[in-house]
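Take a look at the structure below.
The values are calculated or read from the model by the stated rules, or taken from the named source; none is laboratory data. Here the structure is a predicted model, which is why all the values come from computation and not from measurement. Glycine also receives a Cβ, built like all others from the backbone with ideal geometry; neighbour counts cover every protein chain displayed. Heavy atoms of the whole protein, side chains included, go into the accessibility calculation; ligands, DNA and RNA do not. Shrake-Rupley method; radii C 1.70, N 1.55, O 1.52, S 1.80 Å.
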Amino acid sequence: MSIIAVYNIKGGVGKTATSVNLAYLSARQHGKTLLLDMDPQGSASYYFRIRAPKKFGAKKLLKGGRHIEENIKGTDYPGLDMLPADFSYRNIDLALDECKKSHKRLSKVLAPLLEEYDRIILDCPPNLTLLSENIFYAADYILAPVIPTTLSLLSLEQLFAFLDEIGLDRDKVVIFFSMVEKRKKMHTEMMQSLREDNRVLRSVIPYSADIERMGIYRQPVAAALPASAATAAYENLWHEIQELLAI
C-alpha cells in the first residue's frame, strides 16, 4: 500500500498525463487504485469524463471519512476509482488553515483509504503552498517529471529546498525525464549530466503527439493506443516504480 504524488512546482511538464497513465497501469496490474485529482483545473477528471458532485468541495475533502467515500467514482477501467477535483480546491489553503495540525491533515484523511486501495496516486497542482506541504507529508514518494531544461532543474532545486525547510527527507523524491526531444542537444546533455543521481529513473517519456491527443480521446494513452511508443514509455516507467515499491 502506497501513496505516490506526481508533482512539480513548474506547470506543463506532463504531471497529469503521468498520473492518468500510471493510475491506469497500476489498476491493470490487478492492484486496486485510487486517483485523486488535487488540481482545481480538473484535467485528470476531464480525461476520465468524471465531474465532482455539486455538493463536494475542498471543505468536504478535508473532513474525510464518508464525505470522501460517498464522492469517489468508478472509472471505465476495472480496479480504478477516482476522486474528481472541484474548482473550490483553488481555496483549499484557506480551509487547511482552519484545521488542527494543518500540515498533516491530508495524511489523516487518506489513511483510512489505504485499507481499501493498494495504491493512491495524487495528481498535484504546480505550486508551493500549504496543500503542497500536506501532499509531501502524505506521500510515500514524490514522483517529479522534469523536462531536461535549465528552468525545470531550477524548480527541482526549489522543491529540495522546501523539503529541507520543513524537515522532510529528499529521498522521497524520484525524478524522471518528461517531454523529451532527443534531437535537442540541450535535452541530451542535461539528461547525461544527471544520470549519476540515484534519484533519476532510467525511463524517459518522450514529447509525443499521441500523449497530446489524450485530450481528444479522453482516455489514458495506454488504453487508447496500447501499441504506441508513448504507451511503451509509460509501461517502462511503471515497471521501474514497481521495483521501487517492491510490488
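Points to keep in mind about this one:
- The sole residue among S132, S107 that is under 21 Å from T18 (Cα atoms) and under 18 Å from the mean Cα position of the chain (by Cα) is S132.
- For region 28-53, the tally of residues that are surrounded by 22 or more Cβ atoms within 10 Å (Cβ to Cβ), not in a loop (DSSP other than H, G, I, E, B) and not β-branched (V, I, T) stands at 7.
- Pick from region 11-44, criterion without any contact (Cβ under 8 Å) to a residue 60 or more places away in the chain and in contact with a Gly (Cβ under 7 Å, 6 or more places away or on another chain), ranking: nearest to P126 (Cα to Cα): A27
- Residues in region 117-153 that are surrounded by fewer than 19 Cβ atoms within 10 Å (Cβ to Cβ) and either in contact with a strand residue (DSSP E or B) (Cβ under 8 Å, 6 or more places away or on another chain) or more than 25 Å from I68 (Cβ to Cβ) (or both): D118, D140, Y141, T149, T150, L151, L153.
- Looking only at region 207-245, residues that are surrounded by fewer than 18 Cβ atoms within 10 Å (Cβ to Cβ) and in contact with a strand residue (DSSP E or B) (Cβ under 6 Å, 6 or more places away or on another chain) come to 4 in all.
- Restricting region 154-198 to residues that are over 27 Å from E235 (Cβ atoms) and among the small types (G, A, S) leaves a set whose member that is surrounded by the fewest Cβ atoms within 10 Å (Cβ to Cβ) is G167.
- Evaluation of H67 against the conditions (1) surrounded by fewer than 23 Cβ atoms within 10 Å (Cβ to Cβ); (2) touching a residue at least 12 places away in the same chain (Cβ under 8 Å) shows that the sole unmet condition is (2).
- Test result for K59, part of a helix (DSSP H, G or I), at pLDDT below 90, open to solvent by 30 Å² or more (accessible area, probe 1.4 Å) and out of contact with any strand residue (DSSP E or B) (no Cβ under 6 Å at 6 or more places or on another chain): yes
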